[in-house]
1. Check segment 26-45 and report whether any residue there is over 17 Å from D105 (Cβ atoms), out of contact with any Ser or Thr (no Cβ under 6 Å at 6 or more places or on another chain) and assigned to a strand (DSSP E or B).
2. Residues L232, L241: which one is at pLDDT 95 or above and within 30 Å of R28 (Cβ to Cβ)?
3. Taking segment 198-209 on its own, how many of its residues are in contact with a helix residue (DSSP H, G or I) (Cβ under 8 Å, 6 or more places away or on another chain) and within 10 Å of S131 (Cα to Cα)?
4. Cβ-Cβ distance below 6 Å, separation of 6 or more or different chains: which pairs start in segment 191-218 with a residue that is modelled with pLDDT of 95 or more and end on one that is surrounded by fewer than 18 Cβ atoms within 10 Å (Cβ to Cβ) and in a helix (DSSP H, G or I)?
5. Among residues belonging to segment 1-55 that are of a type in the set (S, T, N, Q) and over 30 Å from R115 (Cβ atoms), point out the one that is modelled with the highest pLDDT.
6. From the set of residues in segment 123-171 that are surrounded by fewer than 17 Cβ atoms within 10 Å (Cβ to Cβ), within 20 Å of the chain's Cα centre (by Cα) and among the polar types (S, T, N, Q), which is modelled with the lowest pLDDT?
7. Based on what the data block shows, is V99 closer than 21 Å to L55 by Cα, in contact (Cβ under 8 Å) with a residue 12 or more places away in the chain, in contact with a Leu (Cβ under 8 Å, 6 or more places away or on another chain) and of a type outside the set (G, A, S)?
Amino acid sequence: MNASTQNVKQLVSAEEWQLRVDLAACYRLVAHYGWSDLVFTHITARIPGPEHHFLINPYGLMFDEITASSLVKIDMQCNKVIDSPYPVNPAGFVIHSAVHEARDDIVCVMHTHTRAGVGVSAQKNGILPISQQSTFVLSSLAYHNYEGVAFREEEKPRLQAALGTANFLMLRNHGLLVCGKTIADAFLSMYTFESTCQIQIAAQAGGGELTQVNPKIVESVGLAMKVQTGGLGGTFVWPSLIRKLDKLDPTYKD
């Protein structure tokens, strides 16, 4: 199927177009909050349906350039489903395809290489229970050991086993990964994960002895999260983020 970025909207369902708009918004927000690493990370979203098709960023575009129509539609092998003038990065899809393959409950996978995230991922004890934000992460956190640049298919089973049913995954010496049932859920999870790492680095830089949260509080945080978000997950905050983005630059919808 051939398509230019100008007529993608006419080639896809209304449901897919909305997913594209939300994913493009997510990329722009990642750029806005300073979590991007030039062009070298990815956010993927699974398109509803039995085909197992996904949306991924056009490789080479900065995150603040991405639009709904420029997102590339691919299959599980990272082949383009709709022709696009933009390249894709098969190596970058290995991590994402591993998660999507193992977790049918997940729509969106976000991966970042922020300094705070990579910094904490290099720490032997990983996330410490020293902030309210950290308790949310610790309620569903897993770790995956570094095996080099993640482009080998043979790593996928080990990554999947490490992730299990967790929604936060710390890639040792590499960065952060979250998965969500919606793009909004994934974004809020990454916001919390990134904040946790920034707070930890700042607290450690202070040089004083750190006070840790009582383990019983960490164990009960699942209920606290439902209260904090009204039981709506990321959708609780997503509309306000979209309003913010629309004021900054609404071209993500193109």
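The values are calculated or read from the model by the stated rules, or taken from the named source; none is laboratory data. Computed from a prediction, not measured in an experiment: that's the story for all the values here. Please note: Cβ atoms are built from the backbone with ideal geometry, for glycine as well, and neighbour counts cover all protein chains shown.
1. Residues of segment 26-45 that are over 17 Å from D105 (Cβ atoms), as a first pass: 26-43.
Those left that are additionally out of contact with any Ser or Thr (no Cβ under 6 Å at 6 or more places or on another chain): 26-29, 31-34, 36-40, 42-43.
Applying the additional criterion that residues be assigned to a strand (DSSP E or B) yields 43.
The answer is yes; a qualifying residue exists.
2. On the way: L232 fails: at pLDDT 95 or above.
Just one listed residue meets the conditions, L241.
3. Within segment 198-209, the first condition is being in contact with a helix residue (DSSP H, G or I) (Cβ under 8 Å, 6 or more places away or on another chain), and the residues that meet it are 198-201.
From the residues that got through so far, the ones that are within 10 Å of S131 (Cα to Cα) too are 199-200.
Qualifying residue count for the region: 2.
4. Within 6 Å, the pairs are I201/G119; L210/A203.
5. First, the residues of segment 1-55 that are of a type in the set (S, T, N, Q): 2, 4-7, 10, 13, 18, 36, 41, 44.
Among the residues that remain, those that are also over 30 Å from R115 (Cβ atoms) are: 2, 4-7, 10, 13, 18.
Details: N2: 44, S4: 53, T5: 53, Q6: 56, N7: 85, Q10: 90, S13: 94, Q18: 97.
Only one residue tops the list, namely Q18.
6. It comes out as T165.
7. Details: closer than 21 Å to L55 by Cα: yes; in contact (Cβ under 8 Å) with a residue 12 or more places away in the chain: yes; in contact with a Leu (Cβ under 8 Å, 6 or more places away or on another chain): yes; of a type outside the set (G, A, S): yes.
Taking the combined requirement at face value, the residue satisfies it.
For every residue, the table says whether it meets (1) in a loop (DSSP other than H, G, I, E, B); (2) touching a strand residue (DSSP E or B) at 6+ places or on another chain (Cβ under 6 Å); (3) free of Cβ contacts under 8 Å to residues at least 60 places away in the same chain; (4) of a type in the set (G, A, S).
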residue	(1), (2), (3), (4)
M76	yes, no, yes, no
P87	yes, no, yes, no
G92	no, no, yes, yes
I106	yes, yes, no, no
